[in-house]
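In what follows, a single structure is set out as structure tokens and then discussed.
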Amino acid sequence: MPDAIRVRFAPAPTGYMHIGNLHTALFNWLFVRGQGGTMVLRIEDTDELRSTPEALGVIYDGLRWLGLDWDEGPDIGGPYAPYMQSERLAIYQGYAQKLRDLGLGYECFCTPEELEEQRQLMRARGIPPKYDGRCRNLTEADELRLRHEGREPCIRFRVRETGKTVINDIIQGEVIYENALIGDPVIAKTSGFPTYHLAVVVDDHLMQITHVIRAVEHLPNTQIHRQLQEALEIEPPQYAHLPLILGEDRTKLSKRHGAVAVTDYAEQGFLPEAMVNFLALLGWSPGSEEEILSREQILDKFSLSDCSRSPSVFDLGKAEWMNGQYINDADPEHLADLLLPLLQEEGLMAKDPGADRHQWLVMVAQLMQSRVKLLSTFSTWARYFFTDAFDYDNRARQQWLNDPETAPKLTALADRLATLDEWNAEALEQAVRGLAEELGVKAAQVIHPCRAAVTGTTIGPSLFHLMELLEQADVVGRLRRAAGLSAAGELKPTDEEESA
Ligand code: GLU
């Protein structure tokens, strides 16, 4: 390998940055950071009608969220600036002219309607549609007439009509395309903007890109790119086309599969570390069954030649499971820092909670971290830590709170806990078990109703440890409230579906 490895991530700032884009960025990053080299961020905003500054912002946010840094790009410059294609129009115009001078670029005056007609005609004849080449050999008189009609030309590239184009792809192997199957692509639009094909070939060349790592959807485009490179006598980079990412129904991942925009994942509370791990295993494997791999471990083992050709399935359940593993293993301080803004947004933590309350949040996070898969669900699962305003779920009602024996137990427990001098897990456990003994029931017969009354649910972390983190008065208040409601028959199961 040459020592000056240069890769680029080249997103278009249109629509929203999706998981597929981030996957491509990650694989470029892993490749270049694993062995040394330069990562270029190039913004392909040649679709002047659909590119937006908001979409560009999302690209930056997504990359930063995952910690994928770059060495050259629109924001930091570099030796091959500018890195926004819309600022390089004169360069592409020069290359389009060069192709025309070589007789390989020509003006096409067809209107969108005419092109559509051509396509329909071919479809009707059972031929795969392509541009039929009608402007390939226009005479000067034709051109004059067409211009006179007010038509403005675009420029097309004259592709080979016969033979094959062979691509040696690091991941996909040797791929052969029949040249006859494609029509002449547009390389420069009437607006003066280049199309993707021209801009990508020119920039990969001028920016000295050695490896083009991108989604397999671009593999057919590579046929055009190789022909453009030949025409312009450009040394091609090495290509590595990453496998397709499918949804769980094995169709191409799209909006239909739910959240595919990168920002959605960040909002749902995926940890970037988990996302890196999860995305890295889409189409690449470390060669073992290991699934939880740190960024360093992935960097250490990653190689393009170990990437698979077959599509990989984006299994959201698995992503959530993996995220849960990372939450479980996270430093509780870090977790508390991530949770704080989410809880503040829901009004469950004060804007400026102070050091003690923050430390308390760290303890809550620690107690709950094995039970939460997504940060966004923390405020649901752990709601009772922050507020008395929680609902009693159906299972808690059914199993305990609707039982006539529960209210007296809860009242007795409230009386006992109200007089506890020490408020810690040990003292709480003693009090609960002591009461059970006095009542002549198993400890569970007090523990479960107590949990139902204090948390509104039947599952959760150690009851004594969670009560320790609540205020004594709050716990006593909750026990009395549930006792009262239960005795009044107000905690009957509701008709609502039980959520697992
Ligand atoms: N702008 C293209 C895209 O976003 C880049 C394709 C390429 O990497 O060549 O899909």
#### Entry: P493 vs. criteria touching a residue at least 24 places away in the same chain (Cβ under 8 Å), surrounded by fewer than 19 Cβ atoms within 10 Å (Cβ to Cβ) and in contact with a helix residue (DSSP H, G or I) (Cβ under 8 Å, 6 or more places away or on another chain)
yes
### Query
For N394, all conditions in the list (1) touching a helix residue (DSSP H, G or I) at 6+ places or on another chain (Cβ under 9 Å); (2) crowded, with 18+ Cβ neighbours inside 10 Å; (3) in contact (Cβ under 8 Å) with a residue 60 or more places away in the chain hold save one; what is the number of the exception?
(1)
#### Entry: Filter result for the condition that a residue is more than 18 Å from Q399 (Cα to Cα), open to solvent by 20 Å² or more (accessible area, probe 1.4 Å) and at pLDDT 95 or above, over A431, A425, A418
A418
### Query
Among the residues of the range 462-476, is any touching a residue at least 24 places away in the same chain (Cβ under 8 Å), within 21 Å of Q399 (Cα to Cα) and among the polar types (S, T, N, Q)?
yes
### Query
Within the range 14-23, is even one residue more than 26 Å from L281 (Cα to Cα) and open to solvent by 10 Å² or more (accessible area, probe 1.4 Å)?
yes
### Summary
Only one of (1) touching a helix residue (DSSP H, G or I) at 6+ places or on another chain (Cβ under 8 Å); (2) within 16 Å of the ligand (Cβ to nearest atom) does not apply to K189, and that is (1)
#### Entry: Within the range 414-446, tally of residues that are free of Cβ contacts under 8 Å to residues at least 40 places away in the same chain, assigned to a loop (DSSP other than H, G, I, E, B) and aliphatic (A, V, I, L, M)
2
## Note on the structure
Filtering the range 201-223 down to residues that are within 11 Å of the ligand (Cβ to nearest atom) and over 24 Å from W284 (Cβ atoms) yields V201, D203
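The values are calculated or read from the model by the stated rules, or taken from the named source; none is laboratory data. In this text the structure is predicted, and so the values were computed from the model without any measurement. Heads up, the Cβs are rebuilt from the backbone with ideal geometry, glycines too, and the neighbour counts pull from every protein chain shown. The area values use the complete protein model at the heavy-atom level, side chains included, leaving out ligands, DNA and RNA. Shrake-Rupley method; radii C 1.70, N 1.55, O 1.52, S 1.80 Å.
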